[in-house]
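Colleague: Structure in structure tokens, see below.
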Amino acid sequence: MLIWKIVATVAAYFVGAINMATIIVALKGKNIKNLGSGNPGTMNVMRSIGKVWGALTFSFDCAKGVAFALIGKFALDSADWMFILGAVAVIGHIF
């Protein structure tokens, strides 16, 4: 069971670190770092290519944390791991 907790924690960090703004704007054939403020985040996506794309970016970013919180709750069967994996995904998103 310990190995699954380690794997889930590492996966939460790396999946959290995936920059959805960069991916979503790339689907439009653009580079978010060259648009608006240059910040690869939801607000810059919203300002640069539209509210719908910004909302999509926000939704996918939230889904990363929620998915790992649910993995902690149901796969690892622990409310503590629900919090830990959700927090690790957020930390991955920030850094």
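The values are calculated or read from the model by the stated rules, or taken from the named source; none is laboratory data. Everything quoted here is computed from the prediction, not taken from an experiment. In this analysis, Cβ positions are derived from the backbone assuming ideal geometry, glycine residues included, and neighbour counts consider all displayed protein chains. Each accessible area value is taken on the protein alone, full model and side chains, heavy atoms only, with ligands, DNA and RNA left out. Shrake-Rupley method; radii C 1.70, N 1.55, O 1.52, S 1.80 Å.
Colleague: Using a basic spin-label model with each label point 7 Å from the Cα along Cα→Cβ, how many nm lie between residue 67 and residue 1?
Modeller: My value for the distance between the label points is 2.6 nm.
Colleague: Order the following by accessible area, largest value first: 61, 77. Probe radius 1.4 Å; ligands, DNA and RNA are ignored.
Modeller: Listed by decreasing accessible area, they come as 77, 61.
Colleague: Further question: Hey, what's the chain come to in accessible area per residue, 1.4 Å probe, Å²?
Modeller: 62
Colleague: Now for a different question. Quick check: residue separation of residue 43 and residue 87 times 0.36 nm, minus the Cα distance between them. What number comes out in nm?
Modeller: Extra length available between residue 43 and residue 87 comes to 13.7 nm.
Colleague: How much net charge surrounds residue 16 when only other residues with a Cβ under 10 Å from its Cβ are counted (Lys, Arg +1; Asp, Glu -1)? Could the numbers behind the result be given before it?
Modeller: Values: positive: 64; negative: 61.
It works out to a net charge of 0.
Colleague: Moving to a separate point now. Can you flag which of 51/73; 33/73; 30/51 are past 24 Å Cα-Cα?
Modeller: 51/73; 33/73
Colleague: With a 1.4 Å probe and every protein chain kept in, tell me what percent of the accessible surface of the chain is carbon plus sulfur.
Modeller: Accessible surface attributable to carbon and sulfur in the chain totals 71 percent.
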